[in-house]
Amino acid sequence: MSSSMIVPVIDVQGNNFKELWAAMVLAIKTSSFIAIDTELSGLGSRKALLAESIEDRYKAICHAARTRSILSLGFACYKELDNKADSTYMVQIYNLTLLCSEEYIIEPQSVQFLVQHGFDFNKQYAEGISYYKGNDKGGDAHGVNMRSLFVELLRANKPLVVHNGLIDMVFLYQCFYAHLPERLGTFTADLSQMFPSGIYDTKYATEYELRFTASYLEYAYKKCKLQNSRAIEGGGSGSHVFLEFCKYTGNMQSYIDFRPCLDSQNQDGALNICVQFSAYGWCPNGSLCTMSHDTDLIIQHDEKIKEDKRKKRKRKNKKKDSKGASEACSSPQGKRLYFEGAELDQAVPMSEPALPEHQEKTESTEPTDATHAFEPGKTASKNGNEESQPEASAEAPDRPKEKKVEGGTHRAGFDAFMTGYIFAYARNLTKNKEESSTASLIPTCLNKLFLSGKSVPLNVAKSTFSKSSKAHVHKMDYVWGKNTAVKPEGNA
């Protein structure tokens, strides 16, 4: 069967924001869960963002959120349909182009990356939805604006899904909610009350629950989609994930960006995979790299390695130590260790045709000692600064330059869709394992945000040693109707 589909992403900007307001709020209120992704203008010092102390990391992210801005916000509303077989979702995806009304830093690396992936800065400055950061200012929180939309998100009380989402959550808080608290414990206490239905990080789920060979967004999405398609083809027991999309007519059609997710075409002959991109979802050469960045081929190659190792163990009955080493290479950590000694321009030969799948966006992430510290899909600045980036190879093999599967446009809306799909797939696996139908979410991933270079996640919970911020307490009163007045801006 074919897993190809056309994904409609609704473009929202200043000239249609009010027109689409009711549809967005309805999609949020009626969803089963909501996936979110952002594009940022930068992140600042990478070294500080990878500090050993989590408290220091939080302070560095806060500094970035106060001095940079969200350029684009994507959210995908997944509504599970009760009258359908298996796990069928109606999905509505929105991509909001934003423009911060305050001064902010925009980093050259971010501009370069986003332009290469189709981000329209002319459109942003001409039609971006205006917003300001920090605490509420007078009656603006009651209007049709980003702060009010964020309040609707909170009031809906739906599970929130992110991918490598700590940075997303910090920026969302500062840009649409209130001034960030100074301490991490206060921030996590606030988050636990803002999203009582839970926050789920699909990067954590990919690394520690699904245990895929790699965990960057495009890889995880395509791997989930491939495995779901195989399960449907195999006709095995248990439910599967199916998606449906709204049929847009009239004026709405002019706002839709239809994103094709096509099955990968079989390719004969040897193909060379970029080792750097395979491991991290990012390559310093970018679109100039002569090796393949096709994630479908990367997944095929990883599966072939895994199968070859399995057969070899079976034939030779390897010793325990060699078996343990092979198992390490099948996990995300093992793959990164395997690639640490590889040259950036080294190719992995491929001779088999590609498995059926689709092609979509390219991500970027920085390979560091802390292991893919930043998930691509938010800003090019996560690729790293000049001090930490490996130099791009100036040499090219004496052969025709191959066409890689690049993502075309890099969109927060489509990234949110992919994030939601990973969660839907992982959630479905949990439902298949549990005898009770009430186990509808992923309990082992509840309120756990992925931390780069750490073996444990950040738990989103209010501890006995932390208090909620004053700005948050006041905002919660407003969100839940205890206080209809909006206090003028003040200190958190």
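Of the residues in region 13-41, how many are among the basic types (K, R) and either in contact with a Leu (Cβ under 6 Å, 6 or more places away or on another chain) or open to solvent by less than 10 Å² (accessible area, probe 1.4 Å) (or both)?
Qualifying residue count for the region: 0.
Are any of the residues in region 51-65 under 17 Å from F245 (Cα atoms) and surrounded by fewer than 18 Cβ atoms within 10 Å (Cβ to Cβ)? Show your work before the answer.
So the first thing to find is which residues in region 51-65 are under 17 Å from F245 (Cα atoms), and the list is none.
Checking region 51-65: not a single residue is under 17 Å from F245 (Cα atoms) and surrounded by fewer than 18 Cβ atoms within 10 Å (Cβ to Cβ).
For the structure I just gave you, tell me whether I106 is over 21 Å from Y200 (Cβ atoms), touching a Leu at 6+ places or on another chain (Cβ under 9 Å), surrounded by fewer than 23 Cβ atoms within 10 Å (Cβ to Cβ) and β-branched (V, I, T). Before you say what the answer is, go through the steps one by one.
Numbers: over 21 Å from Y200 (Cβ atoms): yes; touching a Leu at 6+ places or on another chain (Cβ under 9 Å): yes; surrounded by fewer than 23 Cβ atoms within 10 Å (Cβ to Cβ): yes; β-branched (V, I, T): yes.
Against the criterion (over 21 Å from Y200 (Cβ atoms), touching a Leu at 6+ places or on another chain (Cβ under 9 Å), surrounded by fewer than 23 Cβ atoms within 10 Å (Cβ to Cβ) and β-branched (V, I, T)), I106 qualifies.
Determine whether region 437-455 contains at least one residue that is in a helix (DSSP H, G or I), open to solvent by 40 Å² or more (accessible area, probe 1.4 Å), modelled with pLDDT of 70 or more and of a type outside the set (S, T, N, Q).
yes
Residue by residue, here is whether (1) touching a Leu at 6+ places or on another chain (Cβ under 7 Å); (2) under 19 Å from D257 (Cβ atoms); (3) open to solvent by 40 Å² or more (accessible area, probe 1.4 Å) holds:
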| site | (1), (2), (3) |
| --- | --- |
| R68 | yes, no, no |
| L73 | yes, yes, no |
| D82 | no, no, yes |
| D86 | no, no, yes |
| Y89 | yes, no, no |
| S101 | no, no, yes |
| L114 | no, yes, no |
| F119 | no, yes, no |
| E127 | no, yes, yes |
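So which helices (runs of 4 or more DSSP H) stay within region 6-82 end to end and still have 1 or more residues that are at pLDDT 95 or above and among the acidic types (D, E)?
Once the helices (runs of 4 or more DSSP H) in region 6-82 are filtered for at least 1 residues that are at pLDDT 95 or above and among the acidic types (D, E), what remains is 17-30, 54-67.
Does S110 satisfy being over 25 Å from I61 (Cβ atoms) and at pLDDT below 95?
So S110 fails the test.
For T419, only one of the following conditions fails: (1) farther than 25 Å from K223 by Cα; (2) hydroxyl-bearing (S, T, Y); (3) modelled with pLDDT of 90 or more. What is its number?
So the condition that T419 fails would be (1).
Among helices (runs of 4 or more DSSP H) lying entirely in region 131-206, which contain 3 or more residues that are under 19 Å from T38 (Cβ atoms) and within 19 Å of the chain's Cα centre (by Cα)?
Filter on region 131-206 gives 166-176, 202-205.
What residue, among those in region 282-302 that are polar (S, T, N, Q) and farther than 11 Å from Y219 by Cβ, is most open to solvent (accessible area, probe 1.4 Å)?
S287
Would you please name the residue that is farthest from Q300 (Cα to Cα), looking only at residues in region 225-276 that are basic (K, R) and modelled with pLDDT of 90 or more?
Here the residue is K247.
Quick one: count up the residues across region 469-481 that are among the hydroxyl-bearing types (S, T, Y), assigned to a loop (DSSP other than H, G, I, E, B) and either modelled with pLDDT under 90 or open to solvent by 50 Å² or more (accessible area, probe 1.4 Å) (or both). Spell out how you get there, then give the answer.
Pass one, region 469-481, residues among the hydroxyl-bearing types (S, T, Y): 469, 478.
Those still in the list that are assigned to a loop (DSSP other than H, G, I, E, B) too: 469.
Filter once more, keeping what is either modelled with pLDDT under 90 or open to solvent by 50 Å² or more (accessible area, probe 1.4 Å) (or both): none.
The number of residues fulfilling the criteria is 0.
The values are calculated or read from the model by the stated rules, or taken from the named source; none is laboratory data. Computed from a predicted structure; not experimentally measured. Here the Cβ is made from the backbone with ideal geometry for all residues, glycine too, and neighbour counts use every protein chain on show. Accessible surface is based on the protein model in full, side chains and every heavy atom, while ligands, DNA and RNA are left aside. Shrake-Rupley method; radii C 1.70, N 1.55, O 1.52, S 1.80 Å.
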